[in-house]
1. Which one, THR290, GLY261, TYR247, is farthest towards the positive end of the dipole of the stretch 200-296 when Lys and Arg carry +1 and Asp and Glu -1 on their Cβ?
2. Where nothing but the Cβ of Lys and Arg (+1) and of Asp and Glu (-1) is charged, how large is the charge dipole of the chain around its Cα centre, in debye to the nearest 20?
3. When the dipole is taken about the Cα centre of the stretch 71-138, and only Lys, Arg (+1) and Asp, Glu (-1) are charged at their Cβ, what size is it in debye, to the nearest 20?
4. Take SER275, SER160 and order them by how many other Cβ atoms sit within 10 Å, fewest up front.
5. Give the percent of DSSP beta bridges with both residues in the chain that are antiparallel, rounded to the nearest 5.
6. At q = 0.08 Å⁻¹, what base-10 log of I(q)/I(0) does the Debye formula yield for the chain when every alpha carbon is treated as an equal point scatterer in vacuo?
7. Lys/Arg Cβ at +1, Asp/Glu Cβ at -1, dipole of the chain taken about the Cα centre: which of THR145, PRO344, SER279 is farthest positive-ward?
8. Pairs LYS144/LYS188; LYS144/LYS213; LYS27/LYS153; LYS96/LYS235; LYS235/LYS258: which exceed 26 Å Cα-Cα?
Amino acid sequence: MAELFNQYRIGIIGGGQLGRMMVLAAKYMGYRATILDPTLDCPAVQVADEHIVGDYDDPKAIKHLTECSDVLTYEFENVDAAVLAPYEDRLPQGTKALIVAQDRINEKNFFEDLNIPIAPWAEIHCGGCLNANLTEIGYPCVLKTARGGYDGKGQVVLKSDEDKAAALELINDYDGTLVLEGWVPFVKEISVVISRNKRGACSIQPVAENIHKNNILHLTIAPARVAQNVQDEAKKLATQIVEGLDYAGTLAIEMFLKEDGSLVINEMAPRPHNSGHFSIEGTQNSQFDTHVRGIMNLAMPEVVANGQSVMLNLLGDELAQAQVRSIDEPTWHVHDYGKAEAKPGRKMGHLTIVTNDVEKTLEKLGEF
């Protein structure tokens, strides 16, 4: 069987840290991996079998990747779905998930078609449209670009009329439709990472509790400190979404937990997710293991946690700090993404601790 797996080649579009961890999971299982990425020494290339240097939306580069791959996958959602469409038969994730996730309007319409709970929203095309919908949605709310934007970029929070100027500036600067979302009063942000194969079988990671700092994920605690019925409902919604997409591979869904115990979906990501990194040490089958199993249409395992996990994102020079401190911390698992230059706010790695005392662990990590 190992020799058989060695004959299969996985082509990965994108060479960032998610691609790197995909490659490591695939190599562990015996597969070969080729990366398509324009950067010569990107994180995934350091562990891959082959590197095609090219842009993600270059039809010739994509065709080259298909010629040396049996199965295609992508590690981020900003890939041109039209370029991938001719190779849909070798793309288990499919292009539907890309089309939905790339545009917030498509995403919200998709959720509404499935009767998935989301915040009230409206399409915004101009300043007048903003004023009209502010009356209905009310303050506070968030104006977001329909396409692009991440980690708080491409959005403006409106708490009063005083914030209209910044919102109008975003409308004028952005060439396209925007989305105005009502603010969800939440008590926790949680996420579900789910993997599926083409036969419809799913593996679901423990529900994760996420803490953000400056609009970037800072800490993940898994399992989340929420009631069992909340975890069950979160997993049910995630399953409904992945089935609605007929998706194979790993997909993440971010949600808000309200004070009354109900859930509101925020957004999805058709790929492994930062909030699922704890699973590498924290469960018996990581989100990358189940991603590979899903796209290769293998049987999907029931995910079993190895204990409670805390994952800390390491930004800028925090990676170097964690590496030094880990010399005297035998339970710290420090992951270095292999990026050439540390920049403020740039994700350089992450740290995971499997623990039997979450509060004590959080206290120790409070120094970051």
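Readers should treat all values here as calculations from the given coordinates under stated rules, not as data from a laboratory. Computed from a predicted structure; not experimentally measured. Reconstructed Cβ throughout: ideal geometry from the backbone, glycine too, with neighbour counts over all protein chains shown.
1. Among THR290, GLY261, TYR247, the one farthest towards the positive end of the dipole of the stretch 200-296 is THR290.
2. Details: 33 positive and 52 negative charges, 122 e Å.
Using only the charged Cβ atoms, the result is roughly 580 debye.
3. 40
4. On the way: SER275 29, SER160 8.
Ordered from fewest to most neighbouring Cβ atoms within 10 Å, SER275, SER160 come out as SER160, SER275.
5. The antiparallel proportion sits near 80 percent.
6. Results for the chain at q = 0.08 Å⁻¹ read -0.40.
7. SER279
8. Working: LYS144/LYS188 21 Å; LYS144/LYS213 19 Å; LYS27/LYS153 35 Å; LYS96/LYS235 21 Å; LYS235/LYS258 16 Å.
The pairs that break the limit, which is 26 Å between Cα atoms, are LYS27/LYS153.
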